[in-house]
Amino acid sequence: MKTKNFWCDFYHLTTAQTLFKENMHETPDTFEAFIRKNPFNGGYTISAGLGPILQWLNKPGYSDRQIAKLVKMKYADGTPKFSSEFLGYIKNAPCMISVKALPEGELAFPNEPTYQVIGPKWQVLMVETAILNAMNSSSLIATKTSRVKYAAGDKVVSEFGLRRMQELYGLNVTRSAIIGGADFTSNVDAGLEFDVPLSGTHPHAYVMSFDSEYEAFYTWLKHNPNNPTLLVDTYDTITGVKNAIKAAKALGMKAINIRLDSGDLAYLSKQARKMFDDAGMHDSRIVASNDLDEHVIQSLNAEGAQIDIYGVGTNMVTSADQPALGGVYKIKKSAGKDKIKFSEDPIKTTIPGATETIRMLDMDGKFNGDVIMSVNNIFESSGVLKQPLYSINPQNGKVKVFDVGQRFYKPAVYVVKNGTVDKKAMKRTVSEISKSRKENLDRLDEAHRQLRNPREYVAGIEQSLYQYQQKLIEQNQKIF
């Protein structure tokens, strides 16, 4: 059975050892991971990355080999970096944390707890990097892909980015892209691992292996009648389309696909569509690639481009316009006492104490605003309001009142209890998560989803909690 990796930073080990020596390591703590700002100046974030976290937590402890390597680590003066007592403790200590998290495919908004981790201080600290690594990278790519899918509308989106990914094998990047809405992938290993449909055609090198482009196309269609997609820009795109049609006609095929990978995609797609129609090949489809993103796709659609499938690679899988999400992991409660981090930058001042989110629903079941509340609130996990709920927008202090009778639910759920991982949550398939993502986005008003200048979806703070935060801020300012 594979042991758990040390999916952490070095300072987690040194901090854990210091706490161990001071007998503070088992102090009960609560930490929360959250985003401060939606990526891409957008209106939402797709929650992703929980699956890999749960698989990691479900593994047993650290191996003898890992501990032996830590034992050998010494400072310049020969002093061991870690004591044998501490290393023996962490090797044999059972996992005792509990985790509430947004299921993958749920929507996250600034300051809401995406993860809440409760347990012994050293263990709650030791999972910080793993949670942030998975949450930040996966949510970023899933959100980026959802924007690409939004721009594409009813067109197919295929993820083509493996060779440009900043991850060996690209498994988690492709997984996140499929969660975000990609319909296919070219990544064979990921397709097999996650049961995702594969797509792709031939490279330019294939065409150049033949004496003529026509011969290359004829041979391809002869051997791949069920994958009749031809890359037509090896030499001249318009000539390539002509040769593709000629090869298809010679084989009696009524429809094929072509892929445009360079040049003016809007113009070339229109020309190709006309050529197909003139040839009576009306069901032929046009695939476009070449450094696409949501903004280019939106522009192509506005120009009336005749594109049926978008193959999107580099800009999506590297999140080229924003390479990091910037989610954080902060202490909220320790030894029963609420904690708050102060900052001269208001966005970095945290909400005190352990919190959870209540998501309000309008009469049509659409999302109607979130409220961040203390975990000590009286609300059930779902239902209707039995009393008015006052929410304060932290950006401007404006009050929104949710009246009696409005429906709500709490999107975060327990996925780990006292070290035991919820196997159902861990084994959710990528297709199930992608379906959930689509359902949740469909419940978000169009104004919050638009690519540019989206309307803010307010994740407000419940009034008494907001007043508590402001009181603590005021007290801190008087002290310093």
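The values are calculated or read from the model by the stated rules, or taken from the named source; none is laboratory data. Because the structure is a prediction, the values reported are computed rather than measured. All Cβ positions, glycine included, derive from the backbone under ideal geometry; neighbour counts span all protein chains shown. Surface accessibility is based on the protein's heavy atoms, side chains included, excluding ligands, DNA and RNA. Shrake-Rupley method; radii C 1.70, N 1.55, O 1.52, S 1.80 Å.
Could you tell me which of Ile238, Phe6, Leu441 has its Cα farthest along the dipole of the chain towards the positive end, charges placed at Cβ (Lys, Arg +1; Asp, Glu -1), taken about the Cα centre?
Of the listed residues, the answer is Phe6.
Pop out the carbon and sulfur fraction of the accessible area of the chain as a percent, whole number, probe 1.4 Å.
Percent of accessible area from carbon and sulfur atoms in the chain: 51.
With every atom except the alpha carbons ignored, what do you get for Rg and Dmax of the stretch 348-480, in angstroms?
When restricted to Cα atoms, the stretch 348-480 yields Rg and Dmax of 17.2, 53 Å.
Could you tell me the calculated FRET efficiency between Glu193 and Lys341, based on Cβ-Cβ distance and R0 = 45 angstrom, to the nearest 0.05?
According to the calculation, E is roughly 0.70.
Which semi-axis lengths, in whole Å and largest first, follow from the square roots of five times the eigenvalues of the Cα gyration tensor of the stretch 182-288?
Square roots of five times the eigenvalues give 23, 16, 14 Å.
About its Cα centre, how strong a charge dipole does the chain have in debye, to the nearest 20, once Lys and Arg get +1 and Asp and Glu get -1 at the Cβ?
Computed about the Cα centre, the dipole is about 1260 debye.
So what's the net charge close to Arg163: Lys and Arg +1, Asp and Glu -1, counting the other residues with Cβ under 14 Å from its Cβ? Mind showing how you got there, number by number?
Details: positive: Arg164; negative: Glu159, Glu167, Asp189, Asp261, Asp291.
So the environment of Arg163 carries a net charge of -4.
Given the Cα-Cα distance of Ser299 and Gln395 and 0.36 nm per residue of separation, how much length would full extension add, in nm? Can you show the working numbers first?
Values: separation 96, 0.36 × 96 = 34.56 nm, distance 3.22 nm.
My answer for the length gained is 31.3 nm.
Run down the aspartates and glutamates and flag those whose C-alpha is under 12 Å from the C-alpha of Lys21, throwing out any fewer than 8 positions away in its chain.
By straight Cα distance, Lys21 reaches Glu85.
Of Val421, Gln406, Leu389, which is farthest on the positive side of the dipole of the stretch 321-480, counting Cα position, with +1 on Lys and Arg Cβ, -1 on Asp and Glu Cβ, and the Cα centre as origin?
It is Val421.
Past the 16 angstrom mark, what percentage of all C-alpha to C-alpha distances in the stretch 23-84 do you count?
Every Cα pair in the stretch 23-84 considered, those over 16 Å come to 74 percent.
Counting other C-beta atoms within 10 Å, and keeping those with at most 14, which DSSP coil chymotrypsin sites (Phe, Trp or Tyr not before Pro) do you find in the stretch 181-268?
Phe210, Tyr235
Need the full-extension length gain, Asp291 to Glu26, defined as separation in residues times 0.36 nm minus the C-alpha distance. One decimal, nm.
Numbers: separation 265, 0.36 × 265 = 95.40 nm, distance 5.05 nm.
That pair, Asp291 and Glu26, stretches by 90.4 nm at full extension.
Within the stretch 1-82, list the chymotrypsin sites (Phe, Trp or Tyr not before Pro) lying in a DSSP loop whose Cβ has at most 13 other Cβ atoms in a 10 Å radius.
Filter output for the stretch 1-82: Tyr75.
Can you compute the radius of gyration and Dmax for the stretch 107-238, using only the Cα atoms, both in Å?
According to the Cα coordinates of the stretch 107-238, Rg and Dmax are 20.4, 69 Å.
With each label point set 7 Å from Cα along the Cα-Cβ vector, what nm distance links Ala68 and Asn453?
A separation of 6.5 nm, rounded to one decimal place.
State the extension gain, in nm to one decimal, for the chain segment bounded by His204 and Lys2, taking 0.36 nm per residue of separation less the distance between their alpha-carbons.
Full-extension gain reported as 68.5 nm.
Students often get this wrong: which residues of the stretch 104-133 have the backbone nitrogen under 18 Å from the point 7 angstrom along Cα-to-C-beta of Lys427?
From the stretch 104-133, the list is 104.
For the chain, just the Cα set please: Rg and Dmax, both in angstrom.
26.5, 85
Show that you can apply the helix-only estimate: for the chain, add -39,500 (n - 2.57) for every DSSP H stretch of four or more residues, divide by all residues, and state [θ] at 222 nm to the nearest 500.
-11000 deg cm²/dmol
Within the chain, which whole H helices from DSSP have a Cα span along their axis of at least 27 Å and a mean Kyte-Doolittle hydropathy of 0.0 or more, if any?
128-152
Under 18 Å from a point 7 Å along the Cα-to-Cβ line of Arg36: which residues of the stretch 302-324 have their amide N that close?
322-324
What is the local net charge at Ala272, summed over the other residues whose Cβ is closer than 13 Å to its Cβ (Lys, Arg +1; Asp, Glu -1)?
Net charge in that neighbourhood comes out at -1.
Work from the charge dipole of the stretch 280-360 (Cβ charges, +1 for Lys and Arg, -1 for Asp and Glu, about the Cα centre) and give the residue of Asn301, Ser289, Ser343 farthest towards its positive end.
Looking along the dipole axis, the top candidate is Ser343.
Per residue, how much accessible area does the chain have with a 1.4 Å probe, in Å²?
For the chain, the per-residue accessible area is 47 Å².
Before anything else, pin down the relative contact order of the chain: Cα pairs under 8 Å, at least 6 apart, normalised by residue count, whole percent.
21
Using packing as a proxy for protection, rank 374-384, 108-118 so that the peptide with the highest average count of other Cβ atoms within 10 Å comes first.
Per-residue mean Cβ counts within 10 Å order the peptides as 108-118, 374-384.
Among Glu462, Glu474, what's the order by accessible area (1.4 angstrom probe), most exposed first?
Glu474, Glu462
What is the Cα radius of gyration of the stretch 300-398 over 2.2 N^0.38 Å, N being its residue count?
Ratio of Rg to 2.2 N^0.38 Å for the stretch 300-398: 1.62.
Keeping every protein chain in place, order Lys333, Lys427, Lys274 by accessible area at 1.4 Å, biggest value first, i.e. largest first.
Lys427, Lys274, Lys333
Write down the percent of antiparallel bridges among all DSSP beta bridges whose residues are both part of the chain, to the nearest 5.
For the chain, the DSSP antiparallel bridge percentage is about 70.
How big is the charge dipole of the stretch 138-283 about its Cα centre, in debye rounded to the nearest 20, if each Lys and Arg gets +1 on its Cβ and each Asp and Glu gets -1 on its Cβ?
The calculated dipole for the stretch 138-283 is roughly 300 debye.
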